[in-house]
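In what follows, a structure is listed as structure tokens, so that the remarks can point back to it.
FYI, it's all coordinate maths here, none of it is from the lab. Here the structure is a predicted model, which means the values were calculated and not measured. Glycine gets a Cβ as well: all are built from the backbone with ideal geometry, and neighbour counts include every protein chain shown.
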Amino acid sequence: MNTNGCSNCAIRGMFFDFLDDPWKHAGMEHEAARFVRDGLLVVKDGIITDFGPYEEVSTRHSGVEITHIQDRLILPGFIDGHIHFPQVRVLGAYGSQLLDWLQQWIFPEEIKYADRDYARKAAGLFFDALLAGGTTTCQAFTTSSPVSTEEFFEEATRRNMRVIAGLTGVDRFAPKDFLISADDFYRESKRLIERYHGKGRNLYAITPRFAVGCTGEMMDRCRQLKEECPDCWVNTHISENPTEVRQAKEHFPDCTDYTHVHEKHGLLGPKFTAGHGIWLSGDEMKRFSKAGAAISFCPLSNLFLGSGLFRLGRAKDPEYPVRLSIGSDVGGGNAFSLVRVLEEAYKVGMCNNTMLDGSINPREQDLAEADRNKLSPYRAYYLATLGGAHSLYLDDTLGNFQPGKEADFVALDWNAGQAAMAWHQSLAVGEGGPATIEEAAQLLFGIMTGGDDRNVDETWIAGQRAYKKPAVSRE
Ligand code: GUN
Ligand code: ZN
């Protein structure tokens with residue numbers, strides 16, 4: 001048996017993925033998911049070539065080398081829609097909200113990434129941490145120094161990971177040494193796009209950091225880059241914190257709201273993602289929906305920085321659905337683990353429903369939105385996999401086990417030793433693990449509420465095992 005991985009072979013095990021958005025199957029969410037209790041995933045050169053029940057698929061591939069992953073739930077690799085590479089060393093900085101936190105902790109740290117050695121070592125730590133959390137793809141911010149962007153892509157290339165990132169433009173609101181002029185940003189972005197975009201599994205995002213940190217000139221340059229490189233992604237922040245929203249409005253007085261800043265500069269559209277979006281109005285949400293733009297929901301960060309509670313149920317309005325990913329927003333988020341991010345997303349939905357149940361303010365009652373706020377395991381793991389891919393316009397490449405997609409996946413151990421999971425295990429697991437899709441979903445809910453990255457046993461990239469959890473004694 002092959003234990004290190006394969007690029008021209010097959011993986012046997014218990015698979016769980018999605019073929020559709022569970023929010024479209026209210027009350028019957030399992031219809032959006034697929035559970036193959038004994039499955040076979042056939043991989044050639046990093047691409048899935050066949051998938052289905054072992055009995056069926058194995059007959060079509062006699063002689064293929066099989067790696068059998070036992071007693072694990074195998075899911076598509078997690079997709080982190082919003083994360084900051086140069087914040088890997090400053091998770092959990094004490095005591096302030098967004099704008100002060102940036103000044104006090106974040107810019108002083110990110111300045112160090114102009115040093116290639118510092119950035120390179122951090123890139124190693126960063127990708128190790130992603131893999132240990134089961135994250136196989138991320139859309140990342142770098143810094144205003146091209147060195148940090150280069151080191152990010154170089155490390156991603158060494159690991160053959162599908163990533164999106166870009167030089168992160170800031171030409172105001174940060175220490176002088178950290179600023180990059182709009183012209184330099186344009187020139188360096190063009191160079192980096194040429195060097196990295198579409199090379200291997202690297203994709204480039206034009207990245208204006210946020211409206212408070214970007215002048216109109218910087219935004220104009222972003223527009224120019226998008227016009228000249230329409231194939232690139234756009235990544236930014238929006239409406240994260242009330243003071244930030246106020247400052248963005250003051251800074252762009254001719255814009256009617258925060259979203260208008262991106263509309264005005266030709267950025268809001270497909271392949272555009274803005275992190276947070278907590279304080280967007282209903283009208284702005286509709287404009288996101290119509291434009292095909294995405295929001296990355298970052299609950300761990302939103303609670304850590306006290307930014308607010310994102311209205312998931314409103315974003316999933318069936319008339320105006322907004323494309324959504326989940327993001328760790330490390331280091332605003334104080335963990336890499338998307339399993340933990342899902343836990344916080346669940347809690348945010350529960351808190352929002354206190355506001356919507358009508359007992360506090362009957363005029364605000366919206367039971368349909370309240371129902372959409374509830375993060376069932378189907379909804380949660382959809383966001384972390386196929387939903388994230390859809391939000392990034394990568395659902396033809398990533399997100400589930402359909403043949404033709406890239407073979408990135410994670411093997412979850414539902415029995416990683418946490419006492420906190422015992423209850424879910426007793427509900428869901430008979431002899432040999434979950435027997436039905438509902439039992440598997442129960443167990444996945446247990447992992448996201450009682451678990452963490454200890455439940456990530458293996459992470460595979462393009463058909464190769466890239467991470468194996470170290471053995472620990474459980475005395
Ligand atoms: N807005 C602008 N920069 C940042 C950042 O680094 N983190 C978060 N959470 N919000 C931002
Ligand atoms: Zn962020």
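The largest-to-smallest principal axis extents of the Cα set in region 143-192 are 35, 20, 14 Å. Given +1 at the Cβ of Lys and Arg, -1 at the Cβ of Asp and Glu and no other charges, the dipole of the chain around its Cα centre is 520 debye to the nearest 20.
Need one number: % antiparallel among DSSP beta bridges in the chain, to the nearest 5. If you can, show how the numbers build up before the last one.
Details: 31 of 65 bridges.
Here the share of antiparallel DSSP bridges comes out near 50 percent.
Of all the Cα-Cα pairs you can form in region 1-83, what percent are over 15 Å apart? Could the numbers behind the result be given before it?
On the way: 2129 of 3403 pairs.
Counting pairs separated by more than 15 Å, the tail of P(r) holds 63 percent.
Entry for region 264-331 at q = 0.14, 0.18 Å⁻¹: log10 I(q)/I(0) = -0.39, -0.63, Debye formula applied to identical alpha-carbon scatterers, no solvent contribution. Helical runs (DSSP H, four residues minimum) scored at -39500 (n - 2.57) apiece and divided by the length of the chain put the mean residue ellipticity at 222 nm at -10500 deg cm²/dmol. Dimensions of region 167-232 based on its C-alpha atoms, expressed as ranges along the principal axes with the largest first, amount to 35, 22, 17 Å.
Starting from the Cα-Cα distance between L427 and V472, subtract it from 0.36 nm times their residue separation and give me the gain in nm to one decimal. Mind dumping the intermediate values first?
Details: separation 45, 0.36 × 45 = 16.20 nm, distance 2.60 nm.
Value of the extension gain: 13.6 nm.
For the chain, the Kirkwood estimate of hydrodynamic radius, built from reciprocal distances between every pair of different alpha carbons, is 22.5 Å. Based on the convex hull around the alpha carbon atoms, region 170-294 presents an average projected area of 7.6 nm². Loop-located GluC sites (Glu not before Pro) across region 56-123 with a Cβ neighbour count of 15 or fewer within 10 Å are E65, with loop assigned by DSSP. Between region 295-350 and region 353-396, what's the alpha-carbon centroid distance in Å? Using only Cα atoms, the two centres lie 10 Å from each other.
Say the cut-off is 31 Å between C-alpha atoms; which of K121/K286; K176/K468; K264/K347; K286/K374 go over it? In this structure, K121/K286; K176/K468; K264/K347 exceed 31 Å between Cα atoms. Evaluating 6.51 cos²θ - 1.76 cosθ + 1.60 at θ = phi - 60° for every residue in region 175-185, the Karplus couplings come out as x, 3, 5, 9, 6, 10, 6, 4, 5, 5, 4 Hz, glycine and proline recorded as x.
What does the convex hull of the Cα atoms of region 275-387 come to per residue, in Å³, rounded to a whole number? Don't jump to the answer; show the numbers that get you there.
On the way: hull volume 10.7 nm³, N = 113.
Looking at region 275-387, the number lands at 95 Å³ per residue.
Could you compute the FRET efficiency for E438 and C351, with r as their C-beta to C-beta distance and R0 at 30 Å, rounded to 0.05?
Details: r = 26 Å, r/R0 = 0.88.
The calculated FRET efficiency here is 0.70.
Each of H25 and Q70 was given a label point 7 Å from its Cα along the Cα-to-Cβ line. The distance between the two points is 3.0 nm. Ordering S376, L305, S325 by the projection of their Cα atoms onto the charge dipole of region 295-380, which places +1 on the Cβ of Lys and Arg and -1 on the Cβ of Asp and Glu, puts S325 at the extreme positive end.
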